[in-house]
Structure formats: C-alpha cells, structure tokens
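Right, one structure below, let's go through it.
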Amino acid sequence: MSTLNSSNIKTLEFDVLVIGGGGSGMRTSLELAKSGLKTAVVSKVFPTRSHTVSAQGGITCAIASADPQDDWRWHMYDTVKGSDYIGDQDAIEYMCSEGPKAVFELEHMGLPFSRTENGRIYQRPFGGQSKDFGKGGQASRTCAAADRTGHALLHTLYQNNVKEGSNFLNEWFAVDLVLNKLKEVTGVVAFSIESGEVAYLKAQATVLATGGAGRIYSSTTNALINTGDGLGMALRAGIPAQDMEMWQFHPTGIYGAGSLVTEGCRGEGGYLINKDGERFMERYAPNAKDLAGRDVVARSMVLEILEGRGCGENKDHVFLKLDHLGADVLNAKLPGICELSKTFAAVDPVYEPIPVVPTCHYMMGGTPTNVHGQAFKISSSNNDYIPGLFSVGEAACVSVHGANRLGGNSLLDLVVFGRAAGLHINEALKSGGGVADADKDDIDGALHSLNKLNESTSGHEVSSVKRELQEVMQNYFGVFRRGDYMEKGVSALSDIREKIDNLHLQDKSAAFNTNRVEAIELQNLFEVAEATAISSLQRTESRGAHAREDYPDRDDENWLCHSLYDPTSKSLGKRKVNFEPKQVDAFPPKIRTY
Amino acid sequence: MISINIYRYNPEKDQFPYMQTYKFEQPKRDIMVLELLNQLKEKDPTISYRRSCREGVCGSDGMNINGKNGLACITPLSSVIKKNKLDLRPLPGLPVIRDLVVDMTEFYAQYEKIKPFLQNDTPVDIGERLQSPEDRDKLDGLYECILCACCSTSCPSFWWNPDKFVGPAALLQAYRFIADSRDTQTAERLQNLSDPFSVYRCHGIMNCVAVCPKGLNPNEAIGEIKSMLLKNKQKKSNIIASTVSTSN
C-alpha cells in the first residue's frame, strides 16, 4: 500500500460532520436534517449498534407524571448535589429546564414509553432523587420504557433520522482531526471499513459524539466499541480534556461478565445484601439506602468485600436481591434484566439474587464545552473556543455530571445537548460562521499515524498491549485510589506509550479490516487512559467518584474546580466551575450525605 | 481440543470462500461463542466479524452457528457444540463482504421501505400523547427488535426475493407501527403491503420464530397484517357490492 497523502485520497465536502451515531450524534443530526445544511453522520457501526442501546433504566426528567408537583428545580438541586458541586450550574439548569420538552418530543417521535394508568409516561425512582430540594423524600423522576429505554430511544432517533432523510456514512472510521494553520478544525481523515478507502471529510463544523471509553478498564459495562475515539483524536491534536479523573463505577455490573444491571432494580424495590444477608446500605446511607449516589453505593460495596463480608467462594462480590418483588413486577418492569441474569449469571432473579460488583460504567470527563457544544481550548481565560469543533454526549464535558453522574441523566444529556449543538451550528453557519481551508501539509499530518500503522513491519501486538493497558487502569485507578499506587500506574503507562507508538498491524488488507480498526481504537484508549491517570494522581482530594485513601476529604479550598488536562505538556490545570444559573439562585456547596 | 471451522473469504486474495479450522482448548467454564471468536482473533487477527455490545442488545454479531442463525454473544458454546465441532458461517442469503461480515444493504432497505417511524400529524398542545397501559402492551414483543437479521436471513422467501419480500424483521416493525394507538397511517401502511410480494411471500414456515434471539414472533405479526389486509379487502368488496346494488 502506498503512503497516503492529500493528493492521493479523495475529499468529501460537507457543512457539518457528526462523528458518532449514538444518541447524542443522532439528536444533533436530526436537528440539522431540516436545516438545509449538508450533514453527514460518520459512524463506525450501523447507528443502532451504538452503546446508547444498552441504557436500561430510563431518562430522568421532571415531567410531573408520577408527582404532579414535581419541579425541574428539584431535579437541578439533585444533579448539582450528585455532581459533588463541580457540575456547571448554567448547564445543569439548561438540561433540567429544557428536559421536559426533550422528553415529550421523544414521545411524539414514537418512543414506546411505559405508561401509568392515566396514560402518561411511567416514571420510576432512581438513586440520588429527591423532592423539594432534598427535604421531601425520594422522588420518582426517571421516565422508562420497561428496562430497555436506551434501545427504545436509540431506535426512535434512528427512525426519525430515516424519516427526515439524514445522510449516514455507516461503518466509516474517523482516524484523526484535521486542523489548519489557525488551529481551526476543518474535518477528519477517515476510512470506509467496508472498502478500506481513505478520504478527507471536510466540514465547517465537526461534532465529536463518540461516546465513552470504558474499555480502558478490564471490567466495564461498556460495549466493545467504547474506545474514546473522539477524545483520542482531540488529545492527539493537543485539545484539552476536563475532569478525566471522574469515572463512574456502576454498583451493579454482573459479576464476571460486566453487563449492566439497571439501578431501576433498586428503584423498583430491590436491594443489596452481603454474605450474612444483611441489607448493608442501611448502615452507609441511612436515608436513601440503596438509592444513594452511585459513587456512595459502589464504595460501600467495595468496603463490604474488603472487610470480608463479600459473597461467593472468594467473597469478592455481593448480591442484588429482587425475588421479593415477585414474578409479575419483574416480568413487567424488568424483563431485560431477567433475560441478562439468566444468560450471564445463570440465575433467575424471580428465585435467586444476582451476583454483582462495581463496574466501570461512565466517563464524566471529556472535551470541555459550553451548552452549545462549542469546545474550549486552553487559554488564560479558559473560555476561548476552538473554531470548528463541537462535542456532545458522553464524549463531552459540558459539565452536567461533575464528579458523579446521577442515573438517568445521561440519556437526558444526549438529547438536550445534541439538540442544542444542532441549533447553534445551524445559526452560526447561516450567519457566516465557518473555518478557513486546511493546507495539504495539514491533511498529510493527520494521515501520519494511519500511514505509520499501515507501514509497520514489526512491533507490538494489539491484543496484548490492550490487555496490559486495561490491567494497569483496573489495578491502579479503580474505585479507591492511592498516590503511591497511581504513581506506579503512571510509570507503567509511560512504558506502554512506547508500545502504542510501535504497534504492528499484521493484517494490511483493505476490506473490512477489523485489525486496523482495533489498532487505532487502542491508540485512542491509551490517550484517554493517560489523561485519566495524570488527572487522578494530581487531584489531591476525594470528591464524587474520585476517592483517594491518602486524601479522604473533599477540599473545596483547592479543588472546587474542574481539572483541565493539557495533552501537550501532560500537565493538569484548573477551570472554574460555573455557579451562575440564569433563572434560579446557585446552589452553594454543602456536605454531601444521603 | 475442539475444532472451530470458520468461513473465510477476503475479496482481495480469495477467489472462493473456504472453511478454516482452528483447534481450541476446551474452556474450563462455559463461554459465549463471541468470546471464543475474540480469543481466536487474538491469535489470528485477520478473522473479521462485527461485534459491539456483547450482551445481545445491539444486534451486530448475528451469524450462522452450527447451522442455525443466532447472536454469538449470547449463545453459550455448550449449547451449540456437537461432537467437539463448531461451524461458524455468515448469515445466509446476503452477499459476503469478508469472513463472517455480510452486506446488509438489502435488509436495511426493506426496513426503510415500511416507513419505520411514527406518523401522526395532529399537533399536541402540551405534554405527551396519552396511551393506555393496555394499548402500550400491544407494542410488547414488537418494539424490542434489534435488527440483527437472524430471522430474515433464515427465511427462504427472503433468500428468493430480498428485493420484493419485506422479510420478517421489517414486517414485525411494520406491525409495530400499525399496532401503535398513536399512529394514524394504518390504512396507508396496509396499502403499501398489499402487493403479491411484500407480505404474501410469507408461507408461515416459522424459521423466523425459531431463530429470533430476542424470543419475538414475526410470524404472528405477519398473520395480523394478513388478516387486516383481508378484512380491508372484504370491506372494499362490500362497498363495491353495495354501490353496484344501489346503482341497479
């Protein structure tokens, strides 16, 4: 294969490129479908294979179905508290107040929500939810389509994109961002997985909607495709990442398999027990019990296991008890969980508890953006944008989740900010916004790592380096963290960096070469892992999902801020958290208990 | 040792497809067929197949496993292996791109043909459209389809007329919207299926039901569509008959 350069690859020109065909990407493209702008969704899988499909429990939003008095401000309060006060309050306010519109719109598009007796959308209780700013007890705010809400949402969005005639480049893989001399993003270089053909996809606006990167850990609820491709591209291009130390470990991943068991199980009345059959969350969170924040529940589970009260032969997991709910409730409300438990844990929850462990689930960090999806660059003001670059969904850090995401808020994030980015891009491009052209050498530069892989004749095997990376992250950057361990982890990663730069692509063929795809995915995973490691080591406090044994307390004096990782210098800066919502007073930091 | 025979075809170098045998140590615990493939791919990175969620909800890894279509990620090796042998082939009836990867263009085209989206132009003033739990229950067993194509590619009628017969997967979705109390285009949806091919090429052999990894029943949905079409036809002929009699 000859070396790729700007003159031997073709250029496909668009107004807007949306990289990623999951919930956030397809909500963005749907907004743009009627705009007249030439848009393409670039997805490495057929869109309905995206990881949004695995979301189970629901989409949290104050639509006042379960409780007619419900108020988006209460949802906002819960989300700010859940974030351990480093969620941006302007963004959280926008999400919670715009939320009902977004959910009703999904219903109008055909999403088959479960229903209440009076025909409204069914809502279930989820963790961290309260009425009346934490004073009114548990709320039921998560809108659900049984326990298949993500599947229903993703298919509904795809169906409506079909309806509006959106343009998809399915099974195309974006490799690297192209930046011009002004450091504006002008598109990506990408290849068709089916044919192997490489192209420069040129655009006035490029939206990273590439989802999370849970595959940096060996144990994760995430799909095999969650490899942080957008974030990896951005980091390679010198674009910062925010709050990368904040990874959510979901309390209930199926022991051994990692598959997600929705928090909705506990919302419907299930609870966790240790080997003595004790409902141990009553000790750790006397009020919210099993519906405390996910970080709190995950840590409590690990403590039970560390203190010898775990279940099973190796006492290395706990049980999620559901049988007391009865077959009728389980079959009606949690049919998918019954199916998954039988397949992956060989237990029927109608009769037996499900073995579960905290499992990597969600990346709260990502490319920092404002509510319009515009990506921030590192600057003295910390509020300058990178022209041409946007990010939405899990890939972005807008930041509505701060240090810990509440269950059901990710699906809301996808549709609210996918729509917001689409609206903004439409207005911006129609009022003359856009970027200058890239030069030939700019495009050649973006082809560098692909050429290097294609020309490799020896080096390290993709699968073994991937396993090594995942083990380092699992061992040194898990639920509990410690400075000296993390230093070991960081140094192990710098050894792996050398291997990542010298991967051997064994299969050089063009058609549906998944070896090539996996090699580039591994390079993206590595960028995300390195940002995670350095950010984790340097945030010397415990907040939300980031729990350090050597710094067990929250330190508002020094760390009531976002961390901002600069990939060029591999150093950590800080960015102010927004405490200026527009319609309500800001919620000041308080001690966070459940 | 067990023998895994995998269908191999790389359009750049193979004139014809062939079966390649891999020897595999019988795993101590039961594993899914996808995990087996992942382990084989670590040794031979040239094997190509699609995969994503690895838990049976994304529909990427439909393939023909010892003669029966299924999802590799939720098929335990113990449930399919026979005499220490396992044959893995691409889904039948669609063009092969490479190894276990098929070209699903025709399958998706049939899905788009049935207008797989809710149609209702009545504006809603505020909130959601109401739907009773009983009406919502009618969508159970329909909306859960993951578009894996296991059903359509096990159907001889789809093999024969993939361009004209809509196939079980897309027909299940056609009925999903017909059955939705919120959708207003039932008549038009039925009209679009009333030609001799779209739905009537189904002869009820039920391969679709036998293979659906989600336990859905496209055959029943097809039956509903057929009887609705029949009722419409009767209604129409009654109208014609009454028009004829009044004009007499």
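The values are calculated or read from the model by the stated rules, or taken from the named source; none is laboratory data. Predicted model only: the values in this text are computed from it and were never measured. Every residue, glycine as well, gets a Cβ built from its backbone with ideal geometry; the counts of neighbours run over all protein chains shown. Surface accessibility is based on the protein's heavy atoms, side chains included, excluding ligands, DNA and RNA. Shrake-Rupley method; radii C 1.70, N 1.55, O 1.52, S 1.80 Å.
Scale the Cα Rg of region A:1-154 by the rule-of-thumb value 2.2 N^0.38 Å and send over the ratio, two decimals. Display every interim value, and only then the final one.
On the way: Rg = 19.4 Å, N = 154, 2.2 N^0.38 = 14.9 Å.
After normalising by residue count via 2.2 N^0.38 Å, the value is 1.30.
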Long-range HN-HN contacts of A:Ala241 with modeled amide H, under 5 Å: A:Tyr565
Angle between chain A longest axis and helix A:483-500 axis [Cα atoms, degrees, rounded to 10]: 30
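Given a 1.4 angstrom probe, I'd like the percentage of the accessible area of chain A that is carbon and sulfur, rounded to a whole number. Intermediate values should be presented prior to the final figure.
Working: 9020 of 18990 Å².
Solvent-exposed carbon and sulfur of chain A make up 47 percent of the total.
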Degrees, to the nearest 10: A:514-538 long Cα axis against longest axis of chain A: 60
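Pick out the long, greasy-scoring helices in chain B: whole DSSP H runs spanning 24 Å or more along their own axis by Cα, mean Kyte-Doolittle at least -1.0. Write down the numbers at each step before the final one.
Working: long enough: B:218-247 (43 Å, -0.42).
Sorted by number, the helices that extend far enough and score high enough are B:218-247.
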Contact order relative to length of chain A, as percent, for alpha carbon pairs under 8 angstrom and 6 or more apart: 22
Paramagnetic reach from A:Asp555 (point 7 Å along Cα→Cβ, amide N under 17 Å) across region A:522-540: A:534-540
Degrees, to the nearest 10: A:462-476 long Cα axis against longest axis of chain A: 40
Cα centroid separation - region B:1-29 against region A:104-169, whole Å: 43
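Please compute the average number of Cβ atoms from other chains found within 10 Å of each residue's Cβ in peptide B:95-102. Could you put the intermediate results ahead of the total?
On the way: counts 0, 1, 6, 7, 3, 1, 6, 0.
Mean number of neighbouring Cβ atoms from other chains: 3.
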Solvent-accessible area lost in complex, 20 Å² minimum, residues of region A:147-188 relative to chain alone, 1.4 Å: A:Arg148, A:His151, A:His155, A:Tyr158, A:Gln159, A:Val162, A:Lys163, A:Glu171
Mean ellipticity per residue at 222 nm, deg cm²/dmol - from DSSP H runs of n ≥ 4 across the protein assembly as shown, formula -39500 (n - 2.57): -10500 deg cm²/dmol
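For A:Asp276 and A:Glu13 in the same chain, what is the full-extension length gain: residue separation times 0.36 nm, less their Cα-Cα distance, in nm?
Numbers: separation 263, 0.36 × 263 = 94.68 nm, distance 6.30 nm.
Using 0.36 nm per residue and subtracting the Cα-Cα distance, I get 88.4 nm.
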Net dipole in debye of region B:113-205 [+1 Lys, Arg Cβ; -1 Asp, Glu Cβ; about Cα centre; nearest 20]: 400
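At a Förster radius of 25 Å, what calculated FRET efficiency corresponds to the Cβ-Cβ distance of B:Ile31 and A:Asp323, to the nearest 0.05?
Plugging the Cβ-Cβ distance into 1/(1 + (r/R0)^6) gives 0.35.
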Three principal axis lengths of region A:199-283 [C-alpha, angstrom, descending]: 59, 24, 23
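Applying 1/(1 + (r/R0)^6) with R0 = 22 Å to the Cβ-Cβ distance of A:Leu306 and A:Thr540, what FRET efficiency is obtained, to the nearest 0.05? Provide the component values of the computation, followed by the final result.
Working: r = 23 Å, r/R0 = 1.03.
My answer for the efficiency is 0.45.
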Rg followed by Dmax, in Å, when region B:44-166 is reduced to its Cα trace: 18.3, 64
Label-point gap, in nm, between B:Met19 and B:Trp160 - each point 7 angstrom along Cα→Cβ: 2.7
Computed E for A:Asn167/A:Glu117 - FRET, C-beta separation, R0 41 angstrom, nearest 0.05: 0.45
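Counting only other chains, what is the mean number of Cβ atoms within 10 angstrom of the Cβ of each residue in peptide B:12-22?
On the way: counts 6, 2, 0, 0, 0, 0, 0, 0, 0, 0, 0.
Mean partner shielding for this stretch: 1.
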Cβ-placed point charges (K, R +1; D, E -1), dipole of chain B about Cα centre in debye, nearest 20: 760
Cα centroid separation - region A:516-566 against region B:126-142, whole Å: 43
Segments A:78-84, A:128-134, A:33-39 sorted - mean Cβ within 10 Å per residue, highest first: A:78-84, A:128-134, A:33-39
Average partner coverage of A:52-59, which counts Cβ from other chains inside 10 Å: 2
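How many Å² of accessible area per residue for region A:473-594, probe 1.4 Å? Walk me through the numbers on the way to the answer.
Values: 5180 Å² over 122 residues.
Each residue of region A:473-594 exposes 42 Å² on average to a 1.4 Å probe.
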Inter-label distance, nm, simple model (7 Å from Cα along the C-beta direction), B:Gln191/B:Ala109: 2.4
Residues in region A:202-226 occluded by at least 50 Å² - accessible area, probe radius 1.4 Å, against chain by itself: A:Leu224
q = 0.13, 0.23 Å⁻¹: log10 I(q)/I(0) that the Debye formula gives for region A:309-386, counting C-alpha atoms only: -0.60, -1.08
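Starting from the Cα gyration tensor of chain B, multiply each eigenvalue by 5, take the square root, and state the resulting semi-axes largest first in whole Å. Please report the intermediate quantities before stating the final value.
Values: eigenvalues 352, 82, 48 Å².
The equivalent ellipsoid of chain B has semi-axes of 42, 20, 15 Å.
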23 Å Cα-Cα threshold exceeded, pairs from A:Lys342/B:Lys138; A:Lys10/A:Lys38; A:Lys44/A:Lys163; A:Lys508/B:Lys13; A:Lys499/B:Lys28: A:Lys342/B:Lys138; A:Lys499/B:Lys28
Amide H contacts under 5 Å for A:Phe168, placed H, 5+ residues apart: A:Val41
Spatially proximal lysines relative to A:Lys377 (Cα-Cα < 22 Å; intrachain offsets below 8 disregarded): A:Lys181, A:Lys183, A:Lys202, A:Lys570, A:Lys574, A:Lys576
Two-decimal log10 I(q)/I(0) for region A:461-594, as the Debye equation yields it once each C-alpha is a single scatterer, q = 0.19, 0.21 Å⁻¹: -1.08, -1.22
Debye-sum result for region B:177-248 in log10 I(q)/I(0), which assumes one identical scatterer on each alpha carbon, at q = 0.12, 0.18, 0.19, 0.24 Å⁻¹: -0.45, -0.83, -0.88, -1.12
Amide H contacts of A:Arg141 (H built 1.01 Å from N, under 5 Å, at least 5 apart or other chain): A:Arg124, A:Phe126
For region A:231-371: accessible area per residue (Å², 1.4 Å): 31
Accessible solvent surface per residue of region A:23-120, calculated while the other protein chains remain in place, 1.4 angstrom probe, Å²: 24
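Mind checking the alpha-carbon convex hull of region B:110-238 and giving the volume per residue in Å³? Mind dumping the intermediate values first?
Working: hull volume 15.2 nm³, N = 129.
Considering the Cα atoms of region B:110-238, their hull volume per residue is 118 Å³.
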Candidate lysines for bridging to A:Lys135, where Cα separation is under 23 Å - those fewer than 8 sequence places away on the same chain excluded: A:Lys81, A:Lys289, A:Lys590
Part-to-part distance (alpha-carbon centres) for region A:187-229 and region A:437-457, which is given in Å: 17
Occluded residues from region B:108-127, i.e. those whose accessible area drops by 10 Å² or more once the chain is not alone (1.4 Å probe): B:Tyr108, B:Tyr111, B:Glu112, B:Pro116, B:Phe117, B:Leu118, B:Val124, B:Gly127
Descending Cα extents along the principal axes, chain A, whole Å: 66, 49, 48
Table column - 3J(HN,Hα) (Hz), region B:150-167, Karplus curve with 6.51, -1.76, 1.60, x for Gly and Pro: 4, 6, 4, 7, 9, 9, x, 5, 6, 4, 6, 10, x, 8, 10, 7, 4, x
Aspartates and glutamates whose Cα lies under 15 Å from that of B:Lys43, excluding same-chain neighbours fewer than 8 positions away: A:Glu461, A:Asp507, A:Glu518, B:Glu25, B:Glu35
Loss of accessible area when B meets A, both sides summed, Å² nearest 100, probe 1.4 Å: 4800
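Using a 10 Å cut-off on Cβ atoms, rank the peptides A:149-157, A:198-206, A:21-29, B:96-104 from the highest mean neighbour count down. Could the numbers behind the result be given before it?
Numbers: A:149-157: 27.1, A:198-206: 24.0, A:21-29: 32.4, B:96-104: 22.2.
Packing order, densest peptide first, comes out as A:21-29, A:149-157, A:198-206, B:96-104.
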Label-to-label distance, nm, for residues given as A:Tyr385 and A:Ala332 (7 Å Cα→Cβ offset): 4.8
Kirkwood Rh in Å, taken over all unlike Cα pairs in region A:1-58: 13.5
